[in-house]
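The values are calculated or read from the model by the stated rules, or taken from the named source; none is laboratory data. Computed from a predicted model, the values in this text were never measured in an experiment. A quick note on method: Cβ atoms are made from the backbone with ideal geometry, for glycine too, and the neighbour counts reach across all protein chains shown. These accessible areas exclude ligands, DNA and RNA; they are computed on the full protein's heavy atoms, side chains included. Shrake-Rupley method; radii C 1.70, N 1.55, O 1.52, S 1.80 Å.
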Amino acid sequence: MNKRESKKDKVILFPGLEKRLLEKGLDYLKQQKYRDAIQFLEQALEHDPENSDVYVGLVLANYEAGNTHQAKDLVAEMLRSGLGDYIQVIDMYLMILVQLNEYNEVVTTIEALLEEREIPADRHEHFITMLEFGRRMLDGETEEEPIESFEEEPEEDELNLFEYKNPNDQVMVAAGLAKVNIRPYIIKIREYVESEAGHPFLKTMLLNILKEQEYAEELHVHKFAWTEDFNPASLPELKDYIENSGVIQLLSREIENDDPVLFENVQRLVERYFFLVYPFKLPAGQAAAWAAACHFVANEYYGFEDPLESFAGIYHSEVEETEQVLDFIRKLEEISYPII
């Protein structure tokens, strides 16, 4: 009896099980099936609790699934345990803090890094910029001295927006430009927003800065396959641009009361997509088709496989029109942009 019990209670792990669980979780992450990704990655973590790749996968899956606080806790645990590349983990932690509007923690964390002299020389300017961004958001004003990169208002030729390939760095350079008179840089900004090579995320940020500074001369803007002239001072607020589309209202009517968490996640998707498109009119589909397609994508993230037709039916949109919107959303999903 004792032998039988001891044999029964003995746990036998299959060789390489944790590796297979990690691979499966990352595969689901790539497919944007975040609920399944979390399930497999959490199992992998149980078998290999010090694997930094598992932690990073869990952070990304939780963030994309809307579990931002869980993502923050996971990154904090990585920092406590010394897992992964320290500076990369810190960078990830700071970006999640920005998403949560926890700017006090952003400032405290970077100030501690500076005191400890933990920042590599090639990343120093990035963190200084982010520190000033955090302080500015805390103060709610722009009365501080300009950040280091723009301290002496350099000549036009010194600002090359095309150099900023990393979306997080794009956020930081935009934060710097927001704190100074942007007009000395207008030629460079014009070149960027009218170029096919410019990133739509950074273009939106630049247009918003010009609007805030009441720049009233028309700019030729190129995004995706569209070109149009806009007067920044006359552009709608981004919040109004999204609300006026009617998409959020349709989603709220169908989702918010029954599943407020799902509604919050779908709303975040809409905001991300519209941020990239702004200030152009939606290229295809009415509000109902956009609501149906966004609801479908969010459903996919949770690992469900309901057909697109069922969502078109919920929002009374044409299936073909909803498919066109979904195809465009897929293109937007391929674009890299930061998490804030």
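Restricting Y337, Y278, Y301 to those that are modelled with pLDDT under 95 and in contact with a strand residue (DSSP E or B) (Cβ under 9 Å, 6 or more places away or on another chain) reduces the list to Y278. Within the range 179-202, residues that are of a type in the set (K, R) sit with their Cβ atoms under 6 Å from residues that are surrounded by fewer than 18 Cβ atoms within 10 Å (Cβ to Cβ) and not in a loop (DSSP other than H, G, I, E, B), at 6+ positions apart or across chains, in these pairs: K188/E156. Residue selection: K211 fails the criterion of being touching a Ser or Thr at 6+ places or on another chain (Cβ under 7 Å) and open to solvent by less than 40 Å² (accessible area, probe 1.4 Å). Just so you know, in the range 99-129 the residues that are among the hydrophobic types (A, V, I, L, M, F, W, C) and under 22 Å from K165 (Cβ atoms) include one that is least open to solvent (accessible area, probe 1.4 Å), and it is F127. Across the range 243-253, the qualifying residues are those that are surrounded by fewer than 18 Cβ atoms within 10 Å (Cβ to Cβ) and outside any loop (DSSP other than H, G, I, E, B), and the one among them that is nearest to the chain's Cα centre (by Cα) is E243.
Might you check whether a residue that is over 23 Å from Y34 (Cβ atoms), in a helix (DSSP H, G or I) and not β-branched (V, I, T) occurs anywhere in the range 260-276? Scanning the range 260-276, I find no residue that is over 23 Å from Y34 (Cβ atoms), in a helix (DSSP H, G or I) and not β-branched (V, I, T), so the answer is no.
(1) in contact (Cβ under 8 Å) with a residue 60 or more places away in the chain; (2) assigned to a helix (DSSP H, G or I): which one isn't true of F311, the others all being true? It is condition (1) that F311 fails. Would the range 227-239 turn up any residue that is within 23 Å of A292 (Cβ to Cβ), exposed (fewer than 13 other Cβ atoms within 10 Å of the Cβ) and free of Cβ contacts under 8 Å to residues at least 40 places away in the same chain? Among the residues of the range 227-239, at least one is within 23 Å of A292 (Cβ to Cβ), exposed (fewer than 13 other Cβ atoms within 10 Å of the Cβ) and free of Cβ contacts under 8 Å to residues at least 40 places away in the same chain, which makes the answer yes. Condition check: within 20 Å of N265 (Cβ to Cβ), surrounded by 14 or more Cβ atoms within 10 Å (Cβ to Cβ), at pLDDT 90 or above and touching a helix residue (DSSP H, G or I) at 6+ places or on another chain (Cβ under 8 Å). Does V325 satisfy that? Here the answer is yes, as V325 does meet what is asked. Taking (1) closer than 21 Å to E320 by Cα; (2) touching a His at 6+ places or on another chain (Cβ under 9 Å) in turn, T227 satisfies each apart from (1).
In the range 313-331, is there at least one residue being among the hydroxyl-bearing types (S, T, Y) and out of contact with any Asp or Glu (no Cβ under 9 Å at 6 or more places or on another chain)? Yes.
Please give the helices (runs of 4 or more DSSP H) falling wholly within the range 1-101 in which 1 or more residues are at pLDDT 85 or above. Hits in the range 1-101: 17-30, 34-47, 52-64, 68-81, 86-99.
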